[in-house]
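The values are calculated or read from the model by the stated rules, or taken from the named source; none is laboratory data. What you see is a predicted model; the values in this text were computed from it and never measured. Methodologically, a virtual Cβ is constructed for each residue, glycine included, from the backbone with ideal geometry; neighbour enumeration extends over all protein chains shown.
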Amino acid sequence: MGQAEILYMPFTMGSLRLRNRFVMAPMTRNFSPGGIPSDGVAGYYRRRAEADVGLIITEGVGVDHPAAVGRETMGGGASPVLHGDEALARWRDIVAGVHAAGGLIIPQLWHQGVIRVPGTGYHPDAPSARPSGIWGPTDKAMVSPDYLEQVRTPTAPLTDSEIGDLIAAFARSAANAKAVGFDGLALHGAHGYLIDSFLWRHTNVRDDRWGGGIAERARFAVELVRAIRAATAPDFPVIFRFSQWKLQDYEARNAETPAELEAMLAPLVEAGVDIFDASTRIFTAPAFEGADMGLAGWVRKLTGKPTIAVGGVGLSKDLQSSFAQPTVMTDNLALVADRMARGEFDLIAVGRALLMDAQWVTKMRDGEAVNPFRLDAYATLD
């Protein structure tokens, strides 16, 4: 293994005891018709656990709210949920399968918020949840014209009562996650979805207690974490995933400076976040001018909490570029290990490389050839 040896060392944070530093990144799959994970989904996660992935974070799982999931920028419509007897029974079986293989698994709790196409999903009559009733600026959006036409019309802003209902929905789903045996949970607070739409000043222009400066815009996320803590346990691991970039604008920023980033994250630490997942398109990309440190490194420095880095591990192109440009599998683990050894981050998330090859972690460890990149892998559960 040589220089990459640190990546195969155990990691412990409270009750989470990972056998190595590799995390399977959450990736939308759409193989759960009616919100019920299929048998294929169970095998998909079990195979990654059998091949020594340290922690699996599932695809986005809709919380117990009627507008949580529907069609979005890439289509979809068959996302899983984490409520209802049938869905919970399937998740209980999936968790048991991963545990039997020696792995750990947590769900990524998800509400699409402004990104959901109105009139779609399991409850099409439910209005989409938008903090200020707006989708955000459209001049930089890398989405199809058809999608944009369906979401650009303003809607009614969320009322205070509706915001309370959303917080309660996350709390119920968090309690369900603990009840079926998950090893913790992750909150999807990135990419323009519901939680992120509160954080971003272009989708949250409220003048009440849910809006204002960056710390005030973080209030919704903070109240979610507090409610989840109350619904689960003080030691139930909570990971918070966030990003600067959005589906509305890849160059967007919630925090323009390290000081603003600290102002956003400090209340989340106080509320009970254990680990931050800093979602970037390329893990080496500098987060701020004047330093080459990535976003995960800044988060670790400012909060003292463990962090997960992500973006471009094992591949030559980022996600968006891979659809339009030739992409190949590549070994960039020496660079990952160097940054981890420097203390930038504690865990590294791997997404598309694990779609291409369920045994990617063990093959990279043992110096074996991995499966080649292919676009059709996005449409399978191999």
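Total residues in the range 98-123 satisfying the condition of being at positive phi and in a loop (DSSP other than H, G, I, E, B): the figure is 3. So, ASP235, is that one among the acidic types (Asp, Glu), in a loop (DSSP other than H, G, I, E, B) and either crowded, with 17+ Cβ neighbours inside 10 Å or in contact with a helix residue (DSSP H, G or I) (Cβ under 6 Å, 6 or more places away or on another chain) (or both) or not? The answer is no for ASP235.
If the condition is being over 21 Å from HIS65 (Cβ atoms) and surrounded by 18 or more Cβ atoms within 10 Å (Cβ to Cβ), then the range 191-215 contributes only ILE214. When ASP235, ASP277 are checked against the criterion of being modelled with pLDDT of 95 or more, among the acidic types (Asp, Glu) and within 18 Å of the chain's Cα centre (by Cα), a single residue qualifies: ASP277. Across the range 16-42, the number of residues qualifying as under 19 Å from ALA89 (Cα atoms) and either under 21 Å from the mean Cα position of the chain (by Cα) or not charged (D, E, K, R) (or both) comes to 12. Selection of the range 5-36 for residues being among the charged types (D, E, K, R) and part of a strand (DSSP E or B) yields only ARG17.
Screening MET13 against (1) surrounded by fewer than 17 Cβ atoms within 10 Å (Cβ to Cβ); (2) within 16 Å of the chain's Cα centre (by Cα) leaves a single unmet condition, (2). Within the range 217-245, residues that are without any contact (Cβ under 8 Å) to a residue 12 or more places away in the chain have Cβ atoms under 6 Å from residues that are part of a helix (DSSP H, G or I) in no pair, counting only partners at least 6 apart in sequence or on another chain.
For the range 180-187, the condition holds for at least one residue, the condition being that it is touching a residue at least 24 places away in the same chain (Cβ under 8 Å) and farther than 23 Å from SER279 by Cβ.
The helices (runs of 4 or more DSSP H) found wholly in the range 322-382 and carrying at least 2 residues that are within 20 Å of the chain's Cα centre (by Cα) occupy 352-356. Residues of the range 302-323 that are surrounded by fewer than 16 Cβ atoms within 10 Å (Cβ to Cβ) and modelled with pLDDT of 95 or more: GLY304 alone.
Scanning the range 143-181 for residues that are of a type in the set (D, E, K, R) and out of contact with any Asp or Glu (no Cβ under 9 Å at 6 or more places or on another chain) yields ASP146, GLU149, ARG152, GLU162, ASP165, LYS178. Consider LEU265 carefully, then state whether it is of a type outside the set (Val, Ile, Thr), closer than 24 Å to ASN204 by Cα, buried (at least 16 other Cβ atoms within 10 Å of the Cβ) and at pLDDT 95 or above. Taking the combined requirement at face value, the residue satisfies it. Among the conditions (1) part of a helix (DSSP H, G or I); (2) among the hydrophobic types (A, V, I, L, M, F, W, C); (3) surrounded by fewer than 22 Cβ atoms within 10 Å (Cβ to Cβ), ILE94 misses just one, which is (3). No other residue among ALA221, ALA169, ALA141, ALA129 is over 17 Å from the mean Cα position of the chain (by Cα), buried (at least 21 other Cβ atoms within 10 Å of the Cβ) and in a helix (DSSP H, G or I) apart from ALA169.
For the range 37-81, the candidate set comprises residues that are aliphatic (A, V, I, L, M) and in a helix (DSSP H, G or I); within that set, the residue that is farthest from LEU104 (Cα to Cα) is VAL41.
Residues of the range 268-300 that are hydroxyl-bearing (Ser, Thr, Tyr) and part of a loop (DSSP other than H, G, I, E, B): THR280, THR284. If I filter the range 74-88 for residues that are over 19 Å from the mean Cα position of the chain (by Cα) and aliphatic (A, V, I, L, M), do I get at least one hit? Yes, there is a match, as at least one residue in the range 74-88 is over 19 Å from the mean Cα position of the chain (by Cα) and aliphatic (A, V, I, L, M).
Criterion applied to THR280, THR284 was being in contact with a helix residue (DSSP H, G or I) (Cβ under 8 Å, 6 or more places away or on another chain) and either acidic (Asp, Glu) or crowded, with 20+ Cβ neighbours inside 10 Å (or both), and the one residue passing it is THR280. So, in the range 144-189, how many residues would count as being of a type outside the set (Phe, Trp, Tyr) and within 23 Å of ALA230 (Cβ to Cβ)? Here the count works out to 30.
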